[in-house]
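Here is the structure we will look at.
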């Protein structure tokens with residue numbers, strides 16, 4: 001989807017159409033979750049701070065996120081996908097892989113299929129989408145960014161190698177800023193440069209990822225579209241407007257986070273055994289503390305009790321800007337029937 005969160009806000013509120021908007025917080029600690037294309041012209045992108053975003057675009061309008069609304073539309077889009085194939089692997093609310101090798105409409109071209117799906121999304125929902133079409137997930141993902149917004153790109157089998165050889169290394173999906181810098185230092189600037197390196201050389205410098213880079217630059221990526229990809233975690237976190245220095249205030253914030261986490265666990269119909277507390281300090285260093293229980297839990301009270309134990313495990317010596325809680329080791333596809341803990345806790349009110 002094209003600038004999904006921002007586009008939904010512009011669709012639902014016509015007054016925002018054609019204006020630079022950012023979904024997220026514009027305060028001191030706010031972060032941009034999504035930016036409209038009008039805002040992107042000024043250098044406003046997701047993940048930058050609200051303060052920087054405002055400096056770059058003086059007329060920027062901040063809109064609070066409405067994740068329930070985005071989720072609702074995401075489900076509508078998926079229903080359109082299902083008219084064509086059941087092989088759908090969602091990556092997020094606004095992105096998915098579709099395998100249309102054999103499709104329900106009997107369309108003999110993946111490019112025609114993508115065009116028809118995009119037209120239906122625009123006609124039936126009112127939003128634009130872009131698509132990448134190729135022989136595997138890796139290439140399709142790269143192609144999907146080429147003709148945004150409201151466009152598509154196809155990389156045909158005979159075009160794969162020439163396309164990858166010309167591709168700047170930073171455009172390879174999965175190669176981030178740190179790896180890009182390391183590759184530059186090794187004289188690797190394009191796919192052709194990467195292809196010239198032996199597998200041994202790449203493994204020496206990039207360890208396990210080296211073998212992956214050796215394969216993808218040759219157009220080899222055998223990962224199938226996985227419609228039933230198993231969920232591994234459920235999490236919730238919050239960045240604070242003011243740094244927290246006392247565990248008492250942290251507990252208060254953690255209580256609110258556990259309420260949201262319980263809601264997400266119930267919506268996902270899962271419970272978990274491993275609770276992890278994430279602490280990000282004011283100097284941006286980060287720490288995690290985990291505990292694995294003997295039983296599955298999803299109740300906010302039980303989660304909070306475990307989190308308190310983790311919080312008091314070691315003294316907090318720096319001020320804290322973010323707290324998060326995640327639940328892993330979920331009861332999805334569990335072979336043994338294990339009962340979710342339903343413990344009645346006794347509280348003292350004096």
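The values are calculated or read from the model by the stated rules, or taken from the named source; none is laboratory data. Computed from a prediction, not measured in an experiment: that's the story for all the values here. Using ideal geometry, Cβ is built from the backbone for each residue, glycine included, and neighbour counts are taken over all protein chains shown.
Looking at the structure I just gave you, is residue 35 free of Cβ contacts under 8 Å to residues at least 60 places away in the same chain, in contact with a strand residue (DSSP E or B) (Cβ under 6 Å, 6 or more places away or on another chain) and under 30 Å from residue 133 (Cα atoms)?
On the way: free of Cβ contacts under 8 Å to residues at least 60 places away in the same chain: yes; in contact with a strand residue (DSSP E or B) (Cβ under 6 Å, 6 or more places away or on another chain): yes; under 30 Å from residue 133 (Cα atoms): yes.
Yes, satisfied.
Scanning the range 195-241 for residues that are outside any loop (DSSP other than H, G, I, E, B) and touching a residue at least 12 places away in the same chain (Cβ under 8 Å) yields a total of 20.
The C-beta contact set for the range 168-182 (first residue touching a residue at least 24 places away in the same chain (Cβ under 8 Å), second residue loosely packed, with under 15 Cβ neighbours inside 10 Å, distance under 7 angstrom, 6+ apart or interchain) comprises 169/189. With 192, 115 as the choices, which residue is closer than 17 Å to residue 98 by Cβ and in a helix (DSSP H, G or I)? Sole residue among the options that is closer than 17 Å to residue 98 by Cβ and in a helix (DSSP H, G or I): 115. Looking only at the range 172-182, residues that are within 18 Å of the chain's Cα centre (by Cα) and either more than 18 Å from residue 221 (Cβ to Cβ) or part of a helix (DSSP H, G or I) (or both) come to 1 in all.
The set of residues in the range 195-212 that are more than 27 Å from the chain's Cα centre (by Cα) and within 20 Å of residue 139 (Cα to Cα) comprises 195, 196.
So that you can scan it fast, the table gives a plain yes or no per residue for (1) under 23 Å from residue 231 (Cβ atoms); (2) surrounded by fewer than 16 Cβ atoms within 10 Å (Cβ to Cβ):
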| residue | (1), (2) |
| --- | --- |
| 272 | yes, no |
| 280 | no, no |
| 283 | no, yes |
| 287 | no, yes |
| 292 | yes, yes |
| 295 | yes, yes |
| 300 | yes, no |
| 307 | yes, no |
| 311 | no, no |
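If you go through the range 124-137 one residue at a time, do you hit one that is assigned to a helix (DSSP H, G or I), in contact (Cβ under 8 Å) with a residue 12 or more places away in the chain and more than 23 Å from the chain's Cα centre (by Cα)? Yes; the residues of the range 124-137 include at least one that is assigned to a helix (DSSP H, G or I), in contact (Cβ under 8 Å) with a residue 12 or more places away in the chain and more than 23 Å from the chain's Cα centre (by Cα).
Quick grid of which residues meet (1) touching a helix residue (DSSP H, G or I) at 6+ places or on another chain (Cβ under 9 Å); (2) within 17 Å of residue 239 (Cα to Cα):
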| residue | (1), (2) |
| --- | --- |
| 3 | yes, no |
| 13 | no, no |
| 26 | yes, yes |
| 39 | yes, no |
| 44 | yes, no |
| 56 | yes, no |
| 68 | no, no |
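Residues in the range 219-250 that are in contact with a helix residue (DSSP H, G or I) (Cβ under 8 Å, 6 or more places away or on another chain) and either surrounded by 15 or more Cβ atoms within 10 Å (Cβ to Cβ) or over 29 Å from residue 86 (Cα atoms) (or both): 219, 221, 225, 234, 235, 236, 237, 238, 240, 244, 247, 250.
Just one of the numbered conditions (1) out of contact with any helix residue (DSSP H, G or I) (no Cβ under 9 Å at 6 or more places or on another chain); (2) surrounded by 15 or more Cβ atoms within 10 Å (Cβ to Cβ); (3) within 28 Å of residue 228 (Cα to Cα) is not true of residue 84: (1). In this structure, is residue 143 in a loop (DSSP other than H, G, I, E, B) and surrounded by 16 or more Cβ atoms within 10 Å (Cβ to Cβ)? Considered against the rule, which asks whether it is in a loop (DSSP other than H, G, I, E, B) and surrounded by 16 or more Cβ atoms within 10 Å (Cβ to Cβ), residue 143 comes out as no. All of (1) over 20 Å from residue 114 (Cα atoms); (2) exposed (fewer than 15 other Cβ atoms within 10 Å of the Cβ) hold for residue 172 with one exception: (2).
Residues in the range 60-81 that are more than 25 Å from residue 17 (Cα to Cα) and surrounded by fewer than 12 Cβ atoms within 10 Å (Cβ to Cβ): 1 in all.
State yes or no: is residue 22 under 17 Å from the mean Cα position of the chain (by Cα), part of a strand (DSSP E or B), touching a residue at least 24 places away in the same chain (Cβ under 8 Å) and farther than 16 Å from residue 127 by Cβ? Lay out the reasoning, then the answer.
Working: under 17 Å from the mean Cα position of the chain (by Cα): no; part of a strand (DSSP E or B): yes; touching a residue at least 24 places away in the same chain (Cβ under 8 Å): yes; farther than 16 Å from residue 127 by Cβ: yes.
Here the answer is no, as residue 22 does not meet what is asked.
In the condition set (1) in contact with a strand residue (DSSP E or B) (Cβ under 7 Å, 6 or more places away or on another chain); (2) part of a loop (DSSP other than H, G, I, E, B); (3) modelled with pLDDT of 85 or more, residue 283 is compliant with all but (1). Can you find a residue in the range 85-107 that is in contact with a strand residue (DSSP E or B) (Cβ under 6 Å, 6 or more places away or on another chain), modelled with pLDDT of 95 or more and either on the phi > 0 side of the Ramachandran plot or assigned to a helix (DSSP H, G or I) (or both)? Checked the range 85-107: no residue is in contact with a strand residue (DSSP E or B) (Cβ under 6 Å, 6 or more places away or on another chain), modelled with pLDDT of 95 or more and either on the phi > 0 side of the Ramachandran plot or assigned to a helix (DSSP H, G or I) (or both).
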